[in-house]
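The values are calculated or read from the model by the stated rules, or taken from the named source; none is laboratory data. Computed from a prediction, not measured in an experiment: that's the story for all the values here. Cβ: placed from backbone, ideal geometry, glycine included. Neighbour counts: every protein chain shown.
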Amino acid sequence: MSATRAADAADFRGPLDIARAATVVLDGRDTVVGWSPAAAELLGYGPDEAAGRPLSAFLSPLPVDRPLPAASDRPGPADRPDPGPYSGNEIRLARHRDGRELLVATTMCPLAGAAGGDAAGAPVRVLVAAELGALRQWESQLALLQGLATQSPVGLAIYDTRLRLTWSNTAYEREIGKPLAEYRGSGPTSCTPGAVSSPRGTRRRSTP
C-alpha cells in the first residue's frame, strides 16, 4: 500500500459520522421518534421534550443557501413556508432550547428495512447533524493531513516506541525508492540510506 492509499484508508471520521454526531430518528411525516444524547447536547432538548414534535420545530423549514436575514426580518411561524421533505446534505438553521440559533450541516440516512409511507410513529430515516463550524474545521484539518501525506516535498515518517516504521508520506517513499508496504515495520537503519544507530537515536552518516 502506498502512502497515498494509506492516507485514503485512514480513519478520518468527521463530525457527521453517525457514531458521534447528533442523530434524530424520524417517521414518514418527519416527526421525531428518536433523539440521541448528541442531539440533546447540540440543541439542548432532552429526548422526552423532542419526541412527538415535528422536525421543523428544531430546524429551519428551508435550506440556508443565502445570507441569513436579521432576526427581526424573519417570518413568524404562521408565515413560514411549508418545509416539505427534508432531503439532508443541506445546511439548516437550528434553534437551541436557550433561544440561540446555529448553523448545522445535515445529512439523511434511510433506515434499512423501514416500511416507509406516512405511518405515524414508525421509524423511517435518520437525520444526522453537526455544527457547521465543527465540520468546516474538520475539513480544513483533513485537507492539511492529506497535503502532508501526498503533496509535501518533505519526507515524513512515523515510528512506534520500538523504532519500527508505521507510516510515511509520499515524499519519503520517493526518498526510499519503494512503496510503504515494502518497508513498513522496518527500523530506521533499514529505511534511511547512510543512517547509523546510536544510544540517542538514529542519525544520517555524514559524508566526508
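Report whether or not D160 is modelled with pLDDT of 85 or more, more than 16 Å from the chain's Cα centre (by Cα), in the same structural domain as G28 (by TED's automatic domain parsing) and surrounded by fewer than 12 Cβ atoms within 10 Å (Cβ to Cβ).
Answer is no for this residue.
Would you be able to say whether some residue in region 83-90 is surrounded by 17 or more Cβ atoms within 10 Å (Cβ to Cβ), among the hydroxyl-bearing types (S, T, Y) and at pLDDT below 65?
yes
Residues are listed down the side, and each one gets a yes or a no for (1) of a type in the set (A, V, I, L, M, F, W, C); (2) at pLDDT below 70; (3) over 24 Å from the mean Cα position of the chain (by Cα):
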{"residue": "V32", "(1), (2), (3)": "yes, no, no"}
{"residue": "L55", "(1), (2), (3)": "yes, no, no"}
{"residue": "F58", "(1), (2), (3)": "yes, no, no"}
{"residue": "C109", "(1), (2), (3)": "yes, no, no"}
{"residue": "A120", "(1), (2), (3)": "yes, no, yes"}
{"residue": "R125", "(1), (2), (3)": "no, no, no"}
